Structures are given as structure tokens and as C-alpha cells.
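Data block below; observations after.
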């Protein structure tokens, strides 16, 4: 059984991949999608979205990273997949699940699920253009506006050469509205002879137990649930291995928050850095009331130096978040 970290565009970048994989329990992760149109992308695009390629395609914690491509041109995707392999990608993943309107309007992501034959041609071309020893995997939703064609899509992906399929158990029009229809994951696994991963609405250990029972698959990909509970993968992995695990407290997650901010400061501009921190804090509020308090404290703060001071970087010491919360907003 494997536990994967989902590729969430605009959220799970290399910084969050780094701090989340450090918490343990994640077997592999995937980049944000590399958008391919009709040309071979320059090397710097890959290194910007997947800096792990320069360190053996692994996060600092040693978690393997896959490069995800998004597009609809079979030959351009094949050329870019081959280049990503040359740069060190150990696995190439194709995105057929993105529900974003801007992506779908340009014939990318989930809209391709309307044409199973097109999926087959894309996967077949990419597979043929890659070194034989490097796996090709795919991620799909149940369909664009209906799951009626989900089985045809899954068959097309498997027939084209996909070694694994991650199924986000919703259609494009479902977006992220609950529930995820895990029973369809079971249907997909019944008709393909490759591993299938369940994805969608796994927020807790109890959700994972129910998903495994309904879907009938062991493999799982965690997205928002893992971002909002950074040790969820560790919790599931411990349950899988029969090991008792104590959930990390808010206080125990403070070094992770500090490391996240340190990397954000090194990577993003002073204008965008505060928003990146607040984005994650909003996700964390689902499980940690203290995250809401910290978000309220930082809500109107736009000066990175002020956040540096609050996190203790100016003095070179880490101020516990509990102390920060006692300061006037």
C-alpha cells in the first residue's frame, strides 16, 4: 500500500512538498503541473516547478517526486516527457483531472475526459517517447459532467500504457463538493489490471478506513486533507503498519511553520510571501483552532519583516506561536 501527496496547483509547490514530506508517511509526491502547449519547454521551467530534479528528484526528506505534465498535444507532451526524463524525473504523470476553467478552455485537464480515444492517443504517444524503464502514470476524475464514461476513460489510460491511475472520485462539475464517490474507484479497479489510487475527501484516519472499505483499494492519494493535517499520512501509515501513533499538537508543528516561512521568504517576492503563509494557515484552521488565531493576528500584515519578527527570525530565536497569540493584533 502506498500513500501519495497530491499535486495541487497553486498550493503544493516545492516548499510545501518539502515540509509535508518531512512529517513522514508519504511514499511519493507530484509536482504542480507543467503546462505544455505545442513546443519543447526550456530547462528552467522544469527547475522552477521541480527544483527537486537538481537533488536526485527527491525532497530533502528523501521522498521521490514525479513530474506532472498537462496538455492535449500528444507529440508535444511526448517531447516534454522525454526531456523531463533526461533532467532526472523518475516517473512522468499526466494530468486529466484539473477542473480549472482556464485550463479546460485551452483543452487541458478534465475536459479531455470527454474523448477516451484522445486520452489513449496522448498516453500512447507519451509512453512511446519515454525511456522504457521510466514509468508513466495518470490522474483522472470520474468524467467532465457525468461518470458515465469513466470506465472508457480508465480503459483508455491503461491501454495506452499508464502504469497506475489515480482516480479523484468526482466529476469536473462536482469540483470539490462532497461527497467523493469512492464506489467508482472500485469499478475502475475492476476493469484495469494496474494499481488504482483513491483520491478525494480523505480528511481523517476514519475517512481512510471508510474509503478503503468502499473503494476496495489500498493505495491512496491525499490532497487537502494532508495539507490541513500535516501528519495525516504518518497517521495512516502507522495504522497500516500496526504502529500506535500520537497526533502532533499545534505546538509540535511550530518548527514546520517556521521552516515554511523561511523557505517562502527565500523563494517568493515580498509582495506575495505573506499571502502564501496565510493561504496555508486557512487550510490549517480545519484542525487547529490556534491557526485561526494566528491567521487573525496576521490578517492585515503585509510587511515580511514584521512576520520575520513575529516568528523570531530577527532575534535569531523561534518564538512559540502561543506567545505570538498573546500579542495584540
* Structure fact -> Contour minus Cα-Cα span, residue 193 to residue 278, at 0.36 nm per residue, comes to 26.4 nm
* Relative contact order of region 167-295, defined on C-alpha pairs under 8 angstrom at six or more residues apart (%) -> 18 percent
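On a full-extension model of 0.36 nm per residue, what is the gain between residue 148 and residue 269, subtracting their alpha-carbon distance, rounded to one decimal in nm? Intermediate values should be presented prior to the final figure.
On the way: separation 121, 0.36 × 121 = 43.56 nm, distance 4.48 nm.
Taking 0.36 nm per residue and subtracting the Cα distance, the gain is 39.1 nm.
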* Ranked list, fewest to most other Cβ atoms within 10 Å of each Cβ, for 96, 313 -> 313, 96
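Express the relative contact order of the chain as a whole percentage, based on alpha carbon pairs under 8 Å and six or more residues apart in sequence. Walk me through the intermediate numbers first.
Numbers: 603 pairs, mean separation 44.9, N = 329.
This gives 14 percent for the chain.
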* Could you give the angle, 0 to 90 degrees to the nearest 10, between helix 254-267's Cα long axis and the longest principal axis of the Cα atoms of the chain? -> 70 degrees
* Structure fact -> Longest principal axis of the chain (C-alpha) makes with the long axis of helix 116-129 (C-alpha) an angle, in degrees to the nearest 10, of 80 degrees
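Rounded to the nearest 0.05, what FRET efficiency do residue 252 and residue 303 give with R0 = 30 Å and r taken as the Cβ-Cβ distance? Could you check?
Numbers: r = 28 Å, r/R0 = 0.94.
Using R0 = 30 Å, I get an efficiency of 0.60.
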* Sort 253, 247 so that the residue with the fewest other Cβ atoms within 10 Å of its own Cβ comes first and the one with the most comes last. => 247, 253
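Taking a ≥ b ≥ c as the square roots of the eigenvalues of the Cα gyration tensor of the chain, is the shape rounded (a/c under 1.5), prolate (a/b larger than b/c) or oblate? Numbers along the way, then the final one.
Numbers: a/c = 1.94, a/b = 1.50, b/c = 1.29.
It is prolate, given that a/c is not under 1.5 and a/b is the larger ratio.
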* Angle in degrees between helix 74-86 and the longest Cα principal axis of the chain, rounded to the nearest 10 -> 50 degrees
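Is it possible to state the helix-based mean residue ellipticity at 222 nm for the chain, with each DSSP H run of 4+ residues giving -39500 (n - 2.57), the sum divided by total residues, to the nearest 500 deg cm²/dmol? What is it? Intermediate values should be presented prior to the final figure.
Details: 15 runs with 141 residues, N = 329.
About -12500 deg cm²/dmol.
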* Structure fact -> The correct pair for region 61-172, radius of gyration to one decimal and Dmax as a whole number, both in Å and from Cα atoms, is 13.2, 41
* To do: Among DSSP beta bridges whose residues both lie in the chain, state the antiparallel percentage, nearest 5.
  => 5 percent
* To do: Find how many whole Å separate the alpha carbon centroid of region 59-87 from the alpha carbon centroid of region 187-256.
  => 25 Å
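Average the reciprocal distances over every distinct pair of alpha-carbons in region 243-310, invert the result, and give the Kirkwood radius in Å. Present the calculation step by step, with values, prior to reporting the outcome.
Working: mean 1/r = 0.0787 Å⁻¹.
For region 243-310, the Kirkwood estimate is 12.7 Å.
Using a 10 Å cut-off around each Cβ, can you sort 269, 285 from fewest to most neighbouring Cβ atoms?
269, 285
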* Asked: For the chain, modelled as a Gaussian network with Cα springs under 10 Å, which listed residue fluctuates most, 75, 46, 245?
  -> 245
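Quick note: the coordinates plus some simple rules give every number you see, no bench work behind them. Here the structure is a predicted model, which means the values were calculated and not measured. Ideal geometry is used to build each Cβ from the backbone, glycine not excepted, and the neighbour counts take in all protein chains shown.
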